[in-house]
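Worksheet: one structure, shown below.
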Amino acid sequence: MEIAIIAHDMKKELMAQFCIAYCGILSKHNLCATAVTAKYISEATGLHIDRLMSGEQGGEEQIASRIAYNEIDVLLYFRDTRPQSITAKNNAIEHELLRMCDLYNIPVATNIATAEVIITALDRGDLDWREIVNPHSSYNKAKQV
């Protein structure tokens, strides 16, 4: 499966801890993340993560584009919901990402509780239906060979 990861600055440590806890499951899948988040997680876990642009430079938009092309199967998006951290631009980007996930039936977690449910479901095979929806991902192509 193709898993995209985004964590706002105040959630990067939590995301790293989550990835450490579920490193065994995550290592079986293709991961991509915004630049700083990818660096943070790969240093903490040793996982290979495709680094996209930073969120400020358009990394979240890159993930939205991949969702639109059905290249993402799961989105882990730990957001900073403190009122002072929400700007009009960030709010618009978040809204668009979540809208894209709804539109293309992408399981999305915006907090650690939901992320744990999705990752354990992924490990059990509960999300294998995504292989039908997304047969062109590198993960699914490799499985077909």
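The values are calculated or read from the model by the stated rules, or taken from the named source; none is laboratory data. Here the structure is a predicted model, which means the values were calculated and not measured. Glycine also receives a Cβ, built like all others from the backbone with ideal geometry; neighbour counts cover every protein chain displayed. Surface accessibility is based on the protein's heavy atoms, side chains included, excluding ligands, DNA and RNA. Shrake-Rupley method; radii C 1.70, N 1.55, O 1.52, S 1.80 Å.
Using the Cβ-Cβ distance between Asn91 and Glu13 with R0 set to 25 Å, the FRET efficiency from 1/(1 + (r/R0)^6) comes to roughly 0.60.
3J(HN,Hα) couplings calculated from phi for segment 94-101 with the Karplus curve 6.51 cos²θ - 1.76 cosθ + 1.60 (θ = phi - 60°) are, in sequence order, 4, 4, 5, 4, 5, 4, 4, 5 Hz; Gly and Pro show x. For Val108, the accessible area of its heavy atoms, probed at 1.4 Å with every protein chain present, is near 40 square angstrom. The count of lysine pairs in the chain whose Cα atoms are under 16 Å apart, excluding pairs fewer than 8 places apart on the same chain, comes to 4.
Ordered from longest to shortest, the equivalent ellipsoid semi-axes for the chain are 23, 18, 14 Å, each the square root of 5 times a Cα gyration tensor eigenvalue. Think of the chain as having a plus end and a minus end, set by charges on the Cβ of Lys, Arg, Asp and Glu; of His29, Asn111, Ile5, His29 sits farthest toward the positive end of this dipole. Label positions at Ala35 and Glu56, each projected 7 Å from the Cα along the C-beta direction, are separated by 1.0 nm. Using a Gaussian network model of the chain with C-alpha springs under 10 Å, which one of Glu96, Glu56, Glu13 is most mobile by mean-square fluctuation? In the Gaussian network model the winner is Glu56.
In degrees from 0 to 90, rounded to the nearest 10, what is the angle of the helix 59-68 Cα long axis to the longest principal axis of the chain? Relative to the chain, helix 59-68 is tipped by roughly 40 degrees. Each residue, Ser27 and Ala68, gets one label point 7 Å from its Cα in the Cβ direction; the gap between the two is 3.6 nm.
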